[in-house]
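The values are calculated or read from the model by the stated rules, or taken from the named source; none is laboratory data. The structure displayed is predicted, hence computed values, not measured ones. All Cβ positions, glycine included, derive from the backbone under ideal geometry; neighbour counts span all protein chains shown.
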Amino acid sequence: MNKGEFLHLLQGELALANRDEAEKVAICVLGTLANRLTTEEAENVEAQLPEGIKAMWRGNLGNVLRHRLEGAQKFSREDFVAHVVDDLKVPQDRAIALIEGVFTVLKHQITPGLADHLQSQLPKGLRVMWLESKPVEEVGPPRRI
C-alpha cells in the first residue's frame, strides 16, 4: 500500500473531508504512537512501511531526534487522546474515533505478528484501543488510485 492508498483508506474509514485532513490525522496519530514505542519497536514498524507512510510515522525531525535520545515517552491512553485533541482541535470522542481509525488502517499495513508485538508494548488503556479498533478483515482492500 502506498501513501495515497493509505490516506484513501483512512479517509474512507473516518469519513474525512479530503486527503489533506487524512494526512494531518495520520501524522498526528502515527507520530504520537511512534513516540510511545521503544526505539527498536518504532524502527520495526517503520521498516514495514512504504516511504510515504514512513515520513508520516516519523513526524518531524524534532520528534525523531527526541525519540532517539530519550527513547519511548511514557504516557497513558488519556495523555494520548489529549495530545490528539490538542493537536487536531477536535472533541475527545472524535479524537478517540480518529485514533482507532488510524490504528485500523495501520494494522492493514503491518504484519499480524508485528501488530501483536506493538500492542504488547502499550499501556492497558491504549492496548484496549488497539484491540478494539477494527481487525484487518473488516477493512476493505486498498484501492489503486
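Candidates in region 1-22 are the residues that are acidic (Asp, Glu) and crowded, with 19+ Cβ neighbours inside 10 Å; of these, the one that is nearest to Val102 (Cα to Cα) is Glu13. Residues that are at pLDDT 90 or above and not in a helix (DSSP H, G or I) within region 115-131 comprise Leu122, Pro123, listed in sequence order.
Looking only at region 23-41, which residues are assigned to a helix (DSSP H, G or I), of a type outside the set (Val, Ile, Thr) and under 14 Å from Phe103 (Cβ atoms)?
Listed by number, the residues that qualify are Ala26, Cys28, Leu30, Gly31, Leu33, Ala34, Arg36.
Give region 82-114 a look and list any residue that's aliphatic (A, V, I, L, M) and surrounded by fewer than 21 Cβ atoms within 10 Å (Cβ to Cβ), or say none. The answer is Ala82, Val85, Leu88, Val90, Ile96, Ala97, Ile110, Leu114. Of all residues in region 1-32, those that are within 24 Å of Pro123 (Cβ to Cβ) and without any contact (Cβ under 8 Å) to a residue 40 or more places away in the chain total 2.
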